[in-house]
1. Of ALA206, ALA150, ALA172, which residue is free of Cβ contacts under 8 Å to residues at least 24 places away in the same chain, part of a helix (DSSP H, G or I) and crowded, with 17+ Cβ neighbours inside 10 Å?
2. From the list ASP234, ASP197, exactly one residue is in contact (Cβ under 8 Å) with a residue 40 or more places away in the chain and under 20 Å from PHE53 (Cα atoms). Which is it?
3. Any idea which of SER79, SER112 is touching a residue at least 60 places away in the same chain (Cβ under 8 Å) and out of contact with any Pro (no Cβ under 8 Å at 6 or more places or on another chain)?
4. Name the residues in segment 209-231 that are over 15 Å from VAL143 (Cβ atoms), touching a residue at least 24 places away in the same chain (Cβ under 8 Å), of a type outside the set (Phe, Trp, Tyr) and in a helix (DSSP H, G or I), would you?
5. Starting from residues that are modelled with pLDDT under 90 and either within 19 Å of the chain's Cα centre (by Cα) or among the aliphatic types (A, V, I, L, M) (or both), keep the ones in segment 130-153 and report whichever is farthest from ALA206 (Cα to Cα).
6. Tell me which residues, restricted to segment 189-202, are surrounded by 18 or more Cβ atoms within 10 Å (Cβ to Cβ) and under 8 Å from the mean Cα position of the chain (by Cα).
7. When PRO122 is evaluated against the numbered criteria (1) open to solvent by 50 Å² or more (accessible area, probe 1.4 Å); (2) under 21 Å from the mean Cα position of the chain (by Cα); (3) modelled with pLDDT under 90, which criterion, by number, is the only one it fails?
8. What is the number of the single condition among (1) under 30 Å from ARG185 (Cα atoms); (2) surrounded by fewer than 17 Cβ atoms within 10 Å (Cβ to Cβ); (3) not hydrophobic (A, V, I, L, M, F, W, C) that PRO41 does not meet?
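The values are calculated or read from the model by the stated rules, or taken from the named source; none is laboratory data. What you see is a predicted model, and the numbers here were worked out from it, not measured in a lab. Please note: Cβ atoms are built from the backbone with ideal geometry, for glycine as well, and neighbour counts cover all protein chains shown. For the accessible areas, the whole protein counts, side chains as well, though only heavy atoms, and no ligand, DNA or RNA atoms are used. Shrake-Rupley method; radii C 1.70, N 1.55, O 1.52, S 1.80 Å.
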Amino acid sequence: MKRFINQRPPRAVGYLLGLLPFVLLLLVYMAVSAARLAENPNDPLLPSLATLFDTFWRLATEPSRRTGELVLWVDTAASLTRLGLGVGISMAMGLVVGILAGLIPYAGRTLSPLITAVAMIPPLAVLPILFITFGVGELAKVVLIVFGIAPFILRDVQQRVSELPTEQLIKAQTLGASSWLIILRVVLPQVFPRLLDATRLALGAAWLFLIASEAIASTEGLGYRIFLVRRFMDMATILPYVVWITLLAFLADLLLRTTNRLLFPWYGGRRG
């Protein structure tokens, strides 16, 4: 008898199984929403799906009466710009410092205690310090994202570098490679796919820090809009924004995963 741990669903069945929880959640929401609206048609807590769609469509296609802008796209552009800067800087720091700390013993001994200490600090605890130091503009929001995810990415890259087979480094040196050439030709190709994986894992935290910073001090952004309308219990706006953020996060994860698979097929094959 074939054990359950050895049974794999066909591709089509796997897709259907992946969709099943979402369908069930949607059905539960529709049932509870219909029950609440039957008791009180003006209940704002769980709007109908039609109301949610109409609100999302209005925010995406109708200019704001106050500013004349398409609110959804202005908020999305502002948030993605901050997120992209924060994640990009964190990746650059993680790659450079992680390689140095993992490959060069003197650098590792010097930087590792500091990196570990910074990684232990709750990023949201330093949010007021960042706003006091950098002001309430864009810089503080980007710095919060960097402070929150860069140590994680850096430590992951450092660990990957330290796990590289010593034989590879010895052979490269035997062939006359300098430290710089070893980094470029031996270390970097093996570390870069790990960098993309670490970034994927850090995206959830990056969104958290972005939303938190926008909720406190901002004039546009997805997090700003959610916290702006919460005082009115405007769930017809909050829920579509949450779904939109989830979709953007999924697409970002898919982009990094696809990039990793296309550029480094051997890495995905090894993990599988």
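1. Being free of Cβ contacts under 8 Å to residues at least 24 places away in the same chain, part of a helix (DSSP H, G or I) and crowded, with 17+ Cβ neighbours inside 10 Å holds for just one of ALA206, ALA150, ALA172, which is ALA172.
2. ASP234
3. Exactly one of SER79, SER112 is touching a residue at least 60 places away in the same chain (Cβ under 8 Å) and out of contact with any Pro (no Cβ under 8 Å at 6 or more places or on another chain), namely SER79.
4. ILE211, LEU222, GLY223, ARG225, listed by residue number.
5. Of everything passing the filter in segment 130-153, ILE132 is farthest from ALA206 (Cα to Cα).
6. THR199, ALA202
7. (3)
8. Just one mismatch for PRO41, condition (1).
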